[in-house]
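The values are calculated or read from the model by the stated rules, or taken from the named source; none is laboratory data. Since we're looking at a predicted model, the values are computed, not measured. Reconstructed Cβ throughout: ideal geometry from the backbone, glycine too, with neighbour counts over all protein chains shown. Only protein heavy atoms, including side chains, enter the accessible area calculation; ligands, DNA and RNA are left aside. Shrake-Rupley method; radii C 1.70, N 1.55, O 1.52, S 1.80 Å.
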Amino acid sequence: MEAELRWHRMQVWACGLCLVLLLAGCCPGSEATFVGVCYGQCVTNLPSSQKVVQLLQAQSIPRVRLFDADSGVLRALAYTNIQVVVGMTNSEMSGVAQSEAVAYAWVSNNVAAYLPATRIIAIAVGSEVITSPLNISSLLVPAMINLNSALVSAGLDGQVKVSTPHAMGVIQNSFPPSAGSFYSSFVPVIQPLLSFLSQTQSFFMVNVYPFYTFQNENPRVSLDYALFQPKTGTVDPNSGLVYFNLFDAQVDAVYYALEALGYSNLSLVITETGWPSMGYASEVNVVNFQNAAAYNGNLIKHILQKNGTPLKPGIGIDTYIFELFNEDQLPGPTSVRNWGLFRPDGTKYYDISFGGQGSISGGTVPSGNPGQIPIVNRTFCITSVGASFTGLQSALDWACGKARVDCSAIQPGQDCYLPDTVASHASYAFNSYYQDSGMDPSSCSFSGLASITSLDPSYGKCVYEGSYMSIARLSVSEPLWVLQLLAVFLLLISLQQ
């Protein structure tokens, strides 16, 4: 009997360890890979921001790339758990590059103001700047440096990264992939840019369009090869690696180009890719719904299976499909205006599934806890979306004053001081008052400025009262994955007693 009991406990511990490792992300290949969408707004009958977010949720789309920092969209994305790449337009770069004060204001207004409710994970500085005819590439790295400095000052550099999307046009040779290299004329800008990305642990953003390569290099590239459905593979004569789709070949060309400059360890993010569904009559055999469905559907399967590429097998690459809607107001050929997956009313142009990725939530769900550990029988009180600054400041003053809430953690230099916004500080104070009141729902009103949630709003070193981590009296100086590991083990201990 004793032997059976020991065996049972060993099984419990083994299962618990597997769960912990998955939560902590410390197993090779355990980090999730995502497919998101680009959201452009040059659309006739553009839906409201709220309806757009509802569409993302309904389709289980976990990430979205914005081409600007639209305040309405960023507010609508609050508490949805959808991760966001905000864009800085090319026209904004000059001021940010030349002035740290302008960069600080941009981060304050377009990033810090929405965190942690809206899960902003990156700033995409400009779009295809180096290959732009506007000759503004000299502004790129200074703008990125100033933005990162602003993030560091706000204590946000750990959760928000700075990068810039490149066109494949920065690559001089992409066939065979092993010959991948950057144009020498671009290297004076790309070299310091790569150094910046490496130092800040950011990623190299690139837009990969097999569609355009097929158009320009047909008949050397077959349509099946471009659509992820080849009959045979293509061998790189230098490396001996076999490629079964054009997407992987182009991605590896970028990897080889990075390696040639000494940055083989940089991660990639594909910020745009896709296939148009309508074009000129002469393009009907290539540009149609069937091919668009084949490319995007096979792409999603390929990315989510985390196959990686022949050069980097098993290395996931987060990818954004271009795009959510047809931007029918854009100039240019018909195909430019027909990359969308959905109509403005939310119906699909063709059958496409994002594979039920991740956990996309509705209602009021905080996004500060990267692990998103549900706390059994615990609820939290946080600032409501859209709460007024004046009302929050008044309620914060009351909580930290007359109500005698311990607000020491949100003082300068303390664990919950950053981001230094009234909304963030108020969430911490409101929750402390709510926990001290025994989670009485009436104590989380604050005249409609607060709401109750079941997910732990703790983030980084900032541990909210009522969090399982605070209950266990763990040191908040430990990395988050360590806290997650110990928290789950405590649960396992309690289960065995």
Output for Cβ contacts, cut-off 8 Å, separation at least six or different chains, first residue over 10 Å from Ser202 (Cα atoms) in region 142-166, second assigned to a helix (DSSP H, G or I) and acidic (Asp, Glu), reads Asn146/Glu100; Ser149/Glu100; Ala150/Glu100
Flagged in region 47-67 as surrounded by fewer than 18 Cβ atoms within 10 Å (Cβ to Cβ) and either of a type in the set (D, E, K, R) or more than 24 Å from Asp345 (Cβ to Cβ) (or both), in numbering order, are Lys51
Of the residues in region 435-446, those that are at pLDDT 90 or above and either closer than 13 Å to Gly466 by Cα or out of contact with any strand residue (DSSP E or B) (no Cβ under 7 Å at 6 or more places or on another chain) (or both) come to Ser443, Phe446
Only one of Gly332, Gly316, Gly340 is free of Cβ contacts under 8 Å to residues at least 12 places away in the same chain and assigned to a loop (DSSP other than H, G, I, E, B), namely Gly332
Exactly one of Ala105, Ala113 is more than 16 Å from the chain's Cα centre (by Cα) and at pLDDT below 95, and that residue is Ala113
Every listed condition ((1) crowded, with 18+ Cβ neighbours inside 10 Å; (2) within 30 Å of Lys348 (Cα to Cα); (3) among the aromatic types (Phe, Trp, Tyr)) holds for Tyr212 save (1)
Expected single match for modelled with pLDDT of 90 or more, crowded, with 16+ Cβ neighbours inside 10 Å and over 25 Å from the mean Cα position of the chain (by Cα) among Ala387, Ala409 is Ala409
Gly460 fails exactly one of (1) closer than 13 Å to Ala117 by Cα; (2) in contact (Cβ under 8 Å) with a residue 60 or more places away in the chain; (3) open to solvent by 10 Å² or more (accessible area, probe 1.4 Å), namely (1)
Quiz item: For Tyr225, are the conditions met, namely being open to solvent by 10 Å² or more (accessible area, probe 1.4 Å) and closer than 25 Å to Ser163 by Cβ?
Solution: no
Leu330 vs (1) among the hydrophobic types (A, V, I, L, M, F, W, C); (2) open to solvent by less than 30 Å² (accessible area, probe 1.4 Å); (3) at pLDDT 85 or above: all pass except (2)
Restricting region 181-197 to residues that are within 12 Å of Gly169 (Cβ to Cβ) and touching a residue at least 40 places away in the same chain (Cβ under 8 Å), the one least open to solvent (accessible area, probe 1.4 Å) turns out to be Phe182
In region 409-457, residues that are within 21 Å of Phe389 (Cα to Cα) and in a helix (DSSP H, G or I) total 20
*Take Gly274 and decide whether it is modelled with pLDDT under 95 and touching a helix residue (DSSP H, G or I) at 6+ places or on another chain (Cβ under 9 Å).*
no
**OP:** Answer with yes or no whether Ser470 is over 27 Å from the mean Cα position of the chain (by Cα), outside any loop (DSSP other than H, G, I, E, B), farther than 26 Å from Ala150 by Cα and modelled with pLDDT under 90.
**Re:** yes
Flagged in region 30-78 as within 25 Å of Ser424 (Cβ to Cβ), part of a loop (DSSP other than H, G, I, E, B) and touching a Gly at 6+ places or on another chain (Cβ under 8 Å), in numbering order, are Pro62, Asp68, Ala69
Is it the case that some residue within region 283-303 is open to solvent by 60 Å² or more (accessible area, probe 1.4 Å), part of a helix (DSSP H, G or I) and closer than 30 Å to Glu259 by Cα? yes
Considering only strands (runs of 3 or more DSSP E) wholly within region 118-216, the ones with at least 2 residues that are at pLDDT 95 or above and either in contact with a strand residue (DSSP E or B) (Cβ under 8 Å, 6 or more places away or on another chain) or closer than 20 Å to Thr319 by Cβ (or both) are 119-125, 161-163, 165-167, 203-207
